[in-house]
Structure formats: structure tokens, C-alpha cells
Amino acid sequence: MAPIKPIMDTATAQALLERILKSPVTDVQPIDQGEVSKVFSFRQQQQSFIVHFNSGSDGFVRERYIHATFSPQGVPAPRVREIGRANEDLCYAIADKVPGRTIISYPIEDIRRILPDVVEQFALINRLQLGGTKGYGWIQPSGDGSHDTWTDFLASFFLEKQTGFWEGWFALFETTFLEKKVFDRLYGVMMELAKHSPEQRYVVHGDFHLGNMLSDGNKVTGIVDWEMAFYGDFVFDLASQHLWTPQLQIPDMVRSAWADRGQEIPHFEDRLKCALLFKGIDGLRFYAKKDDRNAYESVKAELLRLVK
């Protein structure tokens, strides 16, 4: 498979950290987290931290904004201590290490015990006050969204002209197994369904699954990896949960919890289908770029069943 995240061993990470921090670090350990960043935990002066290495820093700046703006409202997002350039190829971000372990790593009976608090955390994020910000899409350093409308943001995600990670991605239609006909069909259905999303803006984590949530075994202790956070339809975060752990039926749990409080989620099925298509189409091009044919075919089959 073609590597996407930086290739880095523990010794290299430790050397970079000690050069950046100008002091020794200990207990440097790789963390299998994320598809694009290389992540390590480490200790310095009896404190525990996490470092991410990535080719760009936009996501790190977004995480710092999320903590500064929304942790006072109760969101358990870790504090980003420092952002900078590790070398000519990589940027870094150092954040506080959240106590606990990823929820997905617990036995299923423990996961089910933690899930009610996951639903509560999701509800908390949905209640966040956005202040005087405006716009949809990627959360910018100013706090505004990157686009004027929700559909503009969805469309921009798949435009031919991109920068950064997806620069030149249309070439994948020619150089890999990514199929233009399949993409066009799925994209068309997604954009038609997007009209059911509400005009009201919500903070969307962007990668909201149990591998990005930590727990002490009873409650959620932290929600990490806010690099993909945007303003838009909160149902998109439920799509992430469904794609990662469909057997837990988390979207139905949330819908039931809302109903118990007398709250309806309008056009829920259409919005969830739109979100699943958005995530899935992005997954198709990602797995094509990664040269992971098995994952590509699996996602494609699920998406085609979705639009039958």
C-alpha cells in the first residue's frame, strides 16, 4: 500500500521532540491513531503529552481553536500547547494527554455502559454557542466557517482543484481503480439529499468515532482529533459512528434520546444517508490513493446498496 501518514520510528520522534523542546523526553510510545498524522505519547518533567506530526498545520490550529473556544462550555477537548515546524517536511502539535483509554479498546459490555455518556457528550456539542461567527465548513482561525452555504462546502470538498492532501486527486480516476461513473452517481444523490439539512449551524467533529474518545470505563474523559472540525449538520457525526461501529446502532440511540426529551430530528433518514454518502465517497478516493483495493470495494458495495 502507498504510505500516507509520515514514516517515523520512535527514535526519530524522540530526537525531534528533544530538539523542539530543548530538553529530554521519556517514555516515547507510538499511538495507532489517525490515517494521516503520525502520533506519539511522551513524558516530560512528570507530565504526559501527545505529539502529532503532519505535513500541514491547519488541523492543529483548528484543534487549538476548539479547545480555547469550546472547552469553557464543557467540551472535553485536550489543550494544544504548541504548534510549529519539526523539519522542512513536517509540522507538529503538542497537546495534553487525556486520561483513560479509547472507548473502542474496551470489551463490548463496557462500551455499552459508556455509551449513554457518549450520547450526552454529543448532545453537549450540539448545544454549543457559536457566538458571532458565521459560515459553514472548515472552522478557520477567526472562528468563521470557510463557506457561505452548507451545500457550497459539500461541493467544494470534491472539486477537482484542491490544495494540500487532495491536490491533483482527479488523476486517481486515471491512475487507480477509482471509478468516475460510480463517483458521479453517488455524488449526485448526496447533493440532492443535502437540501434536507437545517440552516442552523452546529459544530461537527468530523471524525467522531469511539477510537477518538477516551474513557475511564464509566464516563467520557476526552474527545480528541478535532483536525477535521467544521460547521454544518450534526448528523454527519452520527454517520462516523455508524460507519465505525454499526452494530452499536448509535444513530438510533441518539434519535431515541432526543425523542425522550420531546425533540424530533427532522428528515433524519435523508440527512443520515447524505452523511454516509459524504463519508463514503471520501473513503473511496482515500482508499484509491492508499492503494487499498479491498477496503475500496467494501465501501463501494455499501454505498451502492444505500442508493438502490
Completion exercise
Here the residues within the range 196-209 that are buried (at least 18 other Cβ atoms within 10 Å of the Cβ) and part of a loop (DSSP other than H, G, I, E, B) are Ser197, Arg201, His205, Gly206, Asp207, Phe208, His209
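Scan the range 86-105 for residues that are of a type in the set (Ser, Thr, Tyr) and either open to solvent by less than 20 Å² (accessible area, probe 1.4 Å) or touching a Cys at 6+ places or on another chain (Cβ under 7 Å) (or both) and report the count.
To start, the set of residues in the range 86-105 that are of a type in the set (Ser, Thr, Tyr) comprises 92, 102, 105.
With either open to solvent by less than 20 Å² (accessible area, probe 1.4 Å) or touching a Cys at 6+ places or on another chain (Cβ under 7 Å) (or both) added as a condition, the list becomes 92.
Adding up the residues that qualify gives 1.
Leu193: touching a residue at least 12 places away in the same chain (Cβ under 8 Å) and in contact with a Cys (Cβ under 6 Å, 6 or more places away or on another chain), yes or no? Quick ask: steps written out before the conclusion?
Numbers: touching a residue at least 12 places away in the same chain (Cβ under 8 Å): yes; in contact with a Cys (Cβ under 6 Å, 6 or more places away or on another chain): yes.
Taking the combined requirement at face value, the residue satisfies it.
Residue under question is Trp138, and the condition is that it be open to solvent by less than 50 Å² (accessible area, probe 1.4 Å) and closer than 30 Å to Leu193 by Cα; does it hold?
Working: open to solvent by less than 50 Å² (accessible area, probe 1.4 Å): no; closer than 30 Å to Leu193 by Cα: yes.
No, not satisfied.
Go through the range 239-256 and count every residue that is touching a residue at least 24 places away in the same chain (Cβ under 8 Å) and not in a helix (DSSP H, G or I). Give the derivation first.
Keep residues of the range 239-256 that are touching a residue at least 24 places away in the same chain (Cβ under 8 Å), which gives 239-245, 248, 250, 253-254.
Those left that are additionally not in a helix (DSSP H, G or I): 245.
Result for the range 239-256: 1.
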Completion exercise
In the range 210-241, anything open to solvent by 10 Å² or more (accessible area, probe 1.4 Å) and either of a type in the set (Val, Ile, Thr) or within 21 Å of Phe70 (Cβ to Cβ) (or both) is listed as Gly211, Leu214, Lys219, Val220, Thr221, Val224, Asp225, Glu227, Met228, Phe234
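Conditions (1) within 25 Å of Glu199 (Cβ to Cβ); (2) open to solvent by 70 Å² or more (accessible area, probe 1.4 Å); (3) among the polar types (S, T, N, Q); (4) at pLDDT below 95, marked per residue:
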position	(1), (2), (3), (4)
Leu243	no, yes, no, yes
Asp260	no, yes, no, yes
Phe268	yes, no, no, no
Arg271	yes, no, no, no
Cys274	yes, no, no, no
Leu277	yes, no, no, no
Arg285	no, no, no, no
Lys290	no, no, no, yes
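Hey, among Asp58, Asp32, Asp27, which residue is within 17 Å of Leu214 (Cβ to Cβ) and open to solvent by 60 Å² or more (accessible area, probe 1.4 Å)?
Details: Asp58 fails: within 17 Å of Leu214 (Cβ to Cβ); Asp27 fails: within 17 Å of Leu214 (Cβ to Cβ).
Asp32 is the lone residue from the list that is within 17 Å of Leu214 (Cβ to Cβ) and open to solvent by 60 Å² or more (accessible area, probe 1.4 Å).
Got a sec? Which of Asp144, Asp148 is surrounded by 14 or more Cβ atoms within 10 Å (Cβ to Cβ), at pLDDT 95 or above and among the acidic types (Asp, Glu)?
Values: Asp148 fails: surrounded by 14 or more Cβ atoms within 10 Å (Cβ to Cβ).
Only one candidate qualifies: Asp144.
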Practice task
Return the residue satisfying two criteria in turn: it lies in the range 75-85 and is surrounded by 21 or more Cβ atoms within 10 Å (Cβ to Cβ) and in contact (Cβ under 8 Å) with a residue 60 or more places away in the chain, and of such residues it is farthest from His52 (Cα to Cα).
Solution key: Ala77
Practice task
Please enumerate the residues belonging to the range 51-74 that are free of Cβ contacts under 8 Å to residues at least 12 places away in the same chain and farther than 17 Å from Phe230 by Cα.
Solution key: Pro72
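Evaluate the range 84-105: report whether one residue or more is part of a helix (DSSP H, G or I), touching a Gly at 6+ places or on another chain (Cβ under 6 Å) and closer than 26 Å to Phe208 by Cβ. Give the derivation first.
Step one: of the range 84-105, the residues part of a helix (DSSP H, G or I) are 103-105.
Now drop any that are not touching a Gly at 6+ places or on another chain (Cβ under 6 Å), which leaves 104.
Subsequent filtering for residues that are closer than 26 Å to Phe208 by Cβ retains 104.
Yes, the range 84-105 contains a residue that is part of a helix (DSSP H, G or I), touching a Gly at 6+ places or on another chain (Cβ under 6 Å) and closer than 26 Å to Phe208 by Cβ.
Which of the residues belonging to the range 11-32 are polar (S, T, N, Q) and either on the phi > 0 side of the Ramachandran plot or more than 27 Å from the chain's Cα centre (by Cα) (or both)? Working first, answer last.
Our first condition is that a residue be polar (S, T, N, Q); within the range 11-32, this holds for 12, 14, 23, 26, 29.
Within the range 11-32, Ser23, Thr26 meet the criteria.
So which residues in the range 10-68 are aliphatic (A, V, I, L, M) and assigned to a loop (DSSP other than H, G, I, E, B)? Before the answer, list the steps.
Restricting attention to the range 10-68, the residues satisfying the condition of being aliphatic (A, V, I, L, M) are 11, 13, 15-17, 20-21, 25, 28, 31, 36, 39, 50-51, 61, 66, 68.
Across the range 10-68, the qualifying residues are Val25, Val36.
The values are calculated or read from the model by the stated rules, or taken from the named source; none is laboratory data. Note that the structure is a prediction, hence the values are computed from the model and not measured. Every residue, glycine as well, gets a Cβ built from its backbone with ideal geometry; the counts of neighbours run over all protein chains shown. Accessible surface is based on the protein model in full, side chains and every heavy atom, while ligands, DNA and RNA are left aside. Shrake-Rupley method; radii C 1.70, N 1.55, O 1.52, S 1.80 Å.
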